1. Can you work out which of the residues in segment 46-82 that are in contact (Cβ under 8 Å) with a residue 40 or more places away in the chain and part of a loop (DSSP other than H, G, I, E, B) is farthest from Leu25 (Cα to Cα)?
2. If you go through segment 32-45 one residue at a time, how many are outside any loop (DSSP other than H, G, I, E, B) and either in contact with a helix residue (DSSP H, G or I) (Cβ under 8 Å, 6 or more places away or on another chain) or modelled with pLDDT under 90 (or both)?
3. Quick check on segment 33-44. Is at least one of its residues within 21 Å of His6 (Cα to Cα), open to solvent by less than 30 Å² (accessible area, probe 1.4 Å), touching a residue at least 12 places away in the same chain (Cβ under 8 Å) and of a type outside the set (A, V, I, L, M)?
4. Which residues, counting only those in segment 86-115, are part of a strand (DSSP E or B), more than 13 Å from the chain's Cα centre (by Cα) and closer than 16 Å to Met46 by Cα?
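The values are calculated or read from the model by the stated rules, or taken from the named source; none is laboratory data. Keep in mind it's a predicted model, so treat the numbers as computed, not measured. Cβ atoms come from the backbone with ideal geometry, glycine included; neighbour counts cover every protein chain shown. Each accessible area value is taken on the protein alone, full model and side chains, heavy atoms only, with ligands, DNA and RNA left out. Shrake-Rupley method; radii C 1.70, N 1.55, O 1.52, S 1.80 Å.
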Amino acid sequence: MITGIHGMYFSEEADALRAFLRDKLQIPARDVGGGWLVFDLPMADMGVHPTDHEGAPASGTHDVSFICDDIEKTVAEMKARGVEFDDEIQDQGYGLTIHFRMPGGVRVEMFQKRY
């Protein structure tokens with residue numbers, strides 16, 4: 001029985017990315033030894049999207065997004081902690097989205113879902 005999902009980021013700036021996730025995004029983490037942090041996320045869902053439309057990523061591409069309950073409040077809190085955003089909040093129909101960069105050049109979507 002599947003009980004969850006484990007996501008991974010690979011980065012040339014692994015220590016900086018771990019600190020960003022812990023300090024800027026304030027995601028709870030456990031040190032599992034040697035400075036390796038495992039982040040505990042309270043909820044996950046997963047979608048499968050088709051690649052048959054213009055602008056779609058190549059088949060085999062995967063993506064990790066962060067979910068929040070109140071995107072405007074969360075963005076304001078993150079900006080106060082020094083997070084810089086690439087765009088403004090946009091209505092995508094399924095939810096409200098915005099993007100930011102993490103150490104190592106990792107671009108991430110955050111969204112407030114409507115489903």
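1. Met46
2. 2
3. No - not one qualifying residue is present in segment 33-44.
4. Answer for segment 86-115, where residues must be part of a strand (DSSP E or B), more than 13 Å from the chain's Cα centre (by Cα) and closer than 16 Å to Met46 by Cα: Gly95, Lys113.
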